[in-house]
Amino acid sequence: MGWREVRFNQYRLFGEEVKETRPHLGIMFKCCKVYARIYLNKKGDAFVGWCPKCAAKVEVKVSPTGSTKRFFTAE
Ligand SMILES: [Zn+2]
């Protein structure tokens, strides 16, 4: 009992939430007609990923305004 236990629980919940909600975009790779997720890079300025079939790279810059579409296509 006590505030230490409460804080610990909040920390755990927070950590799990971050893990589950890692920023990503859904991408349709037109080259192979496959759907995959790409994830935010370490800098946090672009979503980067590769086609799971032919390894074509796709990069989606994060808009400075913060308004990113939730779906993109790779040519
Ligand atoms: Zn491909």
Worksheet item: What are the residues whose amide H is under 5 Å from the amide H of Val62, where those residues sit 5 or more places off or on another chain and H is modelled from the backbone?
Response: Ala46, Phe47
Worksheet item: Between Arg22 and Asn41, what length comes free when the chain is fully extended (0.36 nm per residue of separation minus the Cα-Cα distance, one decimal in nm)?
Response: 5.8 nm
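Each reported figure results from applying straightforward, stated rules to the coordinates on display, with no laboratory input. Because the structure is predicted, anything quoted here is derived from the model rather than measured.
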